[in-house]
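Below is one structure, written out as structure tokens, with a few remarks after it.
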Amino acid sequence: MKEIKVGLEIHQRLRTHKLFCNCPSTLMEMEPDCWIMRMMGVSRSELGSIDPAARFELLRQRKFLYGIYFDGTCEVELDESPPLEMNKEAVEIAIKIAKMLNMDVVDEIHTMRKIVVDGSNTTGFQRTALIAIGDEKSMIRTDQGDVRIATLCLEEESAFIAETGPDFVKYRLDRLGIPLVEIATYPDIKSPEQAKEVALKIGRILRATGKVMRGIGTIRQDINVSIEGGARQEIKGVQEPDLIPIVISREVDRQLNLLKIRDEILERGITEEDIGGFFDLTDVLKRAEKGFVRKAIDSGGSAFAIYARKMKGLIGREIQPGRRLGTELASYAKVFAGVKGIIHSDELPNYGISSDLVAEIRKRLEIGEEDGFILVISDRRTAEIALKSVADRLRYAIKGVPEETRRALEDGNTEFMRPMPGSARMYPETDVLPVLSYPFLKALEGWKPEFPEDIIGRLVSYGISRDQAEEIFDEEKVELFERTSSLCKNLSRGFIASTLTSMMKYLRREGVKVELIPEDKLIETLLMVDQGALAKEAVENVIRDLAEDPNADVKEIARRYSMSQEELEKLIDDVISLHKDELMRAGEKAFSMLMGEVMKKVRGKVDGRIVSSKLRERIKKEISQKSL
Amino acid sequence: MPLSYAGKAYALLERYNVEDYDLVKIITEKGEIVGRIMPRPSIFDDEHVIIKLPNGYNIGVNIGKISEIKVLEKAYQREEAIPEVEFRENLPYIPFIVTGGTISSRVDYRTGAVRAYEKPEELLDLIPELADIANIKYKPIFAEFSENLTPSHWKKMAERASEELNSGARGVVIAHGTDTMHYSAAALSFMLMNLRKPVVFVGSQRSIDRPSTDAVLNLIAAVKVAAQSDIGEVVITMHGSPSDEFAWVLRGVKARKMHTSRRDAFIPVNSPPIAKVTREKIEIMSKYRKADESSRVEFDGRIDERVFLLYTWPGMSPDIIESIRSLGYRGLVIAGTGLGHTPSRIIPSIERLVRDGVPVVMTSQTIFGRVNLRVYETGRLLLKAGVIPGEDMLPEVALVKLMFVLGHCNEMECIREMMLRNIAGEISSSISMRDFPPCWVMR
């Protein structure tokens, strides 16, 4: 394998209100109350990218719709009011994390505007502040060597994309402005597995603060990968640590495959001039058979094409599982022109385009059997932008691998998101005053951070196993476990731990949506067991029902799975009268058989110990009555 | 490059011959920091030096920790080449009178410094649409935040606008800070006599260097109104909603900044918007004075600044009225309560003021609606005291108008007559049920 260099950027949402306003950092379940339309003003001279012109055109036409909530978001998120003072609690948490990573906190914290014109921030920039810088002591130690921490920044979370269309993007503003810490490592990581280890270790330190958000999407990794002979890539948004090594090795494969394609291009003697043209082929494709091509043209679309001489077979070449060079081209067309996709010669005949039509297209483009072409169906203006970006990308294949910002997909593949930004355009956020770190550091004098190891040790001292303790920590249930343990007087800590971890895991695997259950309901359930109002055996059923209806009353659900004293006594009476003869014959030795019968009928509704003592009592009474 | 630091930080940087934007290596107790020295706003303390790191972030380094600074590279001025814009024969000429404010400055991305636009080309780089609407010429006359403007600035603006309009401009656009835009717009409404061409005030609530700036739509709308409309009045053209969809054209004497920060902060008061402008078209919404291209405007800058605007409050004492007189003010505008009332206890002082020849004009803190001094006892007493009812004029407009009127006459009767006469649309003959915010939803 070629030498790789990997750096990580870990983004973690903090558990406090938003960074520059007092809105809660809460994601909304419902639809926004209202949508506000904005366009981004970007000047040509400020856009550094591989195709500024196309990008510029696109941005100027694109409408951004922002979904606001009358309760939950305010003027600040919509950029209708300047930011308020930086959230002090967020600064404090960030400084604590920096301390835990042995970083050097800057004296005066300056908020910057990092220009982002994709609409994900209503302002057109992301507010971000450098909190701390790594030095020789700021290390994550791994089996494969130390990885240095470079920087720790505190920044705003972007808005959530609700919908994307050809000329608009809809964002919801509930997520915008949630405080994030961004921890960046140097590119010291040398293998996919080491990257995962670093991510997990940093993640654990973050969780140890107890001040970070939990759940899906609250932590995500960006991965910078560069490969000898290839190009640096910035891969955004890997949410699962398990995906990190897959994403990295697939990125390596992709670059190697692109390099192979490059070699073949050079072998075939393809030059930049072999890619180009712009042909209107609407009249040809009007004759396509049934399919989406025909449908698009019948509903007013036009078809345009460029040629790619001597490229036959290369556009359809697989570069990642299920993704071809053609897929990369399609991503460019989507990003720059907002089209749904492209059609390339290596996938034809298909989509109602017969081999006769393919031949006719070739004739019109004045190309032969060994040449390729790319088609776009849209209006002329969009097609121009789309095919220009496709041609630019295809020409880059002659050079090798372009530097890109890519998005991680769920299967570990990546797709083109935007060209790699030049050095970020950052300028001071003049609406926010600098913050001195000294008062924070002063207040933290004598503060002893609790590291993951400390917390796991503390959990073990509750009398649970180390495995359970680690599981509680990793699943971010420390607080829940400790709260439950302090409330429950009788219940064993081991039972609490296994309910919160292994039972949840087992149920989740069965598809039960346990994550929907509010923590208070879990605690209430366990407290009922603690007070003898619910059998341990019934807990699983109660949790299943709660997952179905998270707002249900726990007591009501518990009633379904518990039995009153009278009911139990009656049940015991019934069993005894049914088995009177055996009882008379065997005396107290009949207990286990009777217990078995009773328990079959109780079905977890009463604690076994209670059943057994009741049953013994009853047997005694029965026998003594008999002997009277 | 100069050095923008003060006090202790200045002394330190000076010692090492450092100037703003120099690339330096700072040696501290903890190690070295390489970066560019950034200017430090004067209101910040003098104990930190701002460094722009290679990753783009600024940080402040405490000077107490700095043991040495080495200059690695002196700053250099970089000229940006911006293509010139050609004059287009078929498009009207619109001077762009720049007075300062958010609308006319931008941040330099390299340095982070704020600087004013110098050429229309810079604006056209951001808003290429403007080149298709008009031939724009930059006419900077001063660069002030609007809170610092004075009546003499109003005169300068009016004089410049009249010169331009009388020498071939189809209309003018005035880029202005938003804080006091409605004062300036009112002033020009009075000072530009016989105006029959569009004079369009425009500003922005989000600075033009932000991608989310409202200036793009505002400027397109303003230039459109100046170049294409037949509105012969002084107007304010600003966002009509939080969306980048349309701008209102508001009569200069009937608009007010009603929100500290929203894009749609300017609201028509007691009068409908004149028009609604989108990127595509101008849609007329109410009556206005029609433009006449052959007309000549007359600049009348006679004005007396000695007018006081008083916001009354419950329990205020009459001594304030007394001191207004002793401070030498020649006129008083009161923003009273409700229909135009003041605490009864100050009425005798008002009466003395009027008797001494100081006109007193009543407007209302309610902003919306017309004063009426005939309904309640207090109002009648105020009328009897000689107070001039300001009809439905905004307090700020009444202030500007009284300054203008005092520049034209001294006699109380003349002053009263002019104040009660509608000169530039500042007094509505009737107020529609539609013209009050809660009713806007009916639109």
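Laboratory data are not the source of any read-out in this text; all were calculated from the coordinates shown. Quick caveat: nothing in here was measured; it's all calculated off a predicted structure. Note that we place each Cβ from the backbone using ideal geometry, even for glycine, and neighbour counts take in every protein chain shown.
A few comments on the model shown:
- Cleavage-rule hits (trypsin sites (Lys or Arg not before Pro)) in segment A:491-577: DSSP loop, at most 13 neighbouring Cβ within 10 angstrom: A:LYS513
- Using the Cβ-Cβ distance between A:ASN350 and A:ILE161 with R0 = 35 Å, the FRET efficiency computed as 1/(1 + (r/R0)^6) comes to roughly 0.70.
- Averaged over the residues of peptide B:207-219, the number of Cβ atoms from other protein chains lying within 10 Å of each residue's Cβ is 6.
- A simple charge model with +1 on the Cβ of Lys and Arg, -1 on the Cβ of Asp and Glu and nothing else charged puts the dipole of segment B:93-299 at about 460 debye relative to its Cα centre.
- Percentage relative contact order, segment A:514-625, counting C-alpha pairs under 8 Å, at least six apart: 29
- With 21 Å as the limit on Cα-Cα distance, the pairs of B:LYS224/B:LYS290; A:LYS2/A:LYS310; B:LYS139/B:LYS224; A:LYS286/A:LYS340; A:LYS18/A:LYS63; B:LYS25/B:LYS74 that go past it are A:LYS2/A:LYS310; A:LYS18/A:LYS63.
- Taking the charge dipole of segment B:307-420 about its Cα centre, with +1 at Lys and Arg Cβ atoms and -1 at Asp and Glu Cβ atoms, the residue from B:SER323, B:SER344, B:VAL307 reaching farthest to the positive side is B:SER344.
- Remark: spin-label model distance A:ASP431-B:ILE423 equals 3.8 nm, labels positioned 7 Å along the Cα→Cβ axis.
- Relative exposure of A:MET417, B:MET285, judged by other C-beta atoms within 10 Å (fewest first): B:MET285, A:MET417
- With at most 10 other Cβ atoms within 10 Å, longest stretch of chain B clear of loop GluC sites (Glu not before Pro) (DSSP): B:90-279
- Share antiparallel - DSSP beta bridges, segment B:93-299, percent rounded to 5: 55
- Those residues of segment A:598-622 whose amide nitrogen sits under 14 Å from the label point placed on A:ALA586, 7 Å along Cα→Cβ: A:598-599, A:616, A:619
- For A:114-120, mean number of other protein chain Cβ atoms within 10 Å: 2
- Relative to the longest principal axis of the Cα atoms of chain B, the long axis of helix B:151-166 makes an angle of roughly 90 degrees.
- Placing unit charges on each Cβ (+1 for Lys and Arg, -1 for Asp and Glu) gives chain A a dipole about its Cα centre, and among A:SER389, A:ALA469, A:GLY301 the Cα reaching farthest toward its positive end belongs to A:ALA469.
- Cross-link partners of A:LYS442 among lysines, defined as those whose alpha carbon lies under 17 angstrom from its own and excluding same-chain residues fewer than eight positions apart: A:LYS88, A:LYS96, A:LYS99, B:LYS65.
- Dipole moment magnitude, nearest 20 debye, segment A:278-422 about Cα centre, only Lys, Arg, Asp, Glu C-beta charged: 220
- Computed over neighbours whose Cβ is under 13 Å from that of A:ARG466, the net charge equals -4, Lys and Arg +1, Asp and Glu -1.
- Cleavage-rule hits (chymotrypsin sites (Phe, Trp or Tyr not before Pro)) in segment A:63-110: DSSP loop, at most 10 neighbouring Cβ within 10 angstrom: A:PHE70
- Counting only DSSP H runs of at least 4 residues, each contributing -39500 (n - 2.57), and dividing by the residue count of chain A, the helix-based mean residue ellipticity at 222 nm comes to -12000 deg cm²/dmol.
- Modelled this way, with points 7 Å down the Cα-to-C-beta line, the labels at A:ARG232 and B:ARG352 are 7.7 nm from one another.
- Mean per-residue shielding of peptide A:430-438 is 3, counting Cβ atoms of other chains within 10 Å of each Cβ.
- Taken along the Cα-to-beta-carbon direction at a fixed 7 Å, the label points for A:LYS295 and A:GLU264 span 3.2 nm.
- ³J(HN,Hα), Karplus 6.51/-1.76/1.60, whole Hz, each residue of segment A:151-163, x for Gly, Pro: 9, 10, 10, 10, 9, 8, 6, 7, 6, 8, 6, 9, 6
- Cβ-derived FRET efficiency at R0 22 Å, B:HIS259 paired with B:ARG434, nearest 0.05: 0.60
- Sequence-distant aspartates and glutamates (8 or more away, or on other chains) whose Cα lies within less than 16 Å of A:LYS448: A:GLU92
- Neighbour-count order for B:LYS156, A:LYS137, A:LYS489, fewest beta carbons within 10 angstrom listed first: A:LYS489, A:LYS137, B:LYS156
- Positive-end extreme of charge dipole, chain A - chosen from A:ILE36, A:SER331, A:PHE495 (charges on Cβ): A:PHE495
- Burial ordering of B:HIS48, A:HIS579, A:HIS11, fewest other beta-carbon atoms within 10 Å first: A:HIS579, A:HIS11, B:HIS48
- Using only side-chain charges placed at the Cβ, +1 for Lys and Arg and -1 for Asp and Glu, the dipole size of the protein assembly as shown relative to its Cα centre rounds to 1540 debye.
- The antiparallel fraction among DSSP beta bridges confined to the protein assembly as shown stands at about 75%.
- With R₀ fixed at 22 Å, the C-beta to C-beta distance from B:LYS25 to B:ASP46 puts the FRET efficiency at about 0.50.
- Net length gained if the chain between B:ASP319 and B:ALA143 were fully extended (0.36 nm per residue, minus Cα distance): 59.5 nm
- Peptides B:258-266, A:74-82, ordered by how many other C-beta atoms sit within 10 Å of their residues on average, highest first, read A:74-82, B:258-266.
- Each residue of segment A:314-321 was assigned a 3J(HN,Hα) from its phi angle through the Karplus expression (A = 6.51, B = -1.76, C = 1.60, θ = phi - 60°), giving 7, 5, x, 5, 6, 10, 9, x Hz with x at Gly and Pro.
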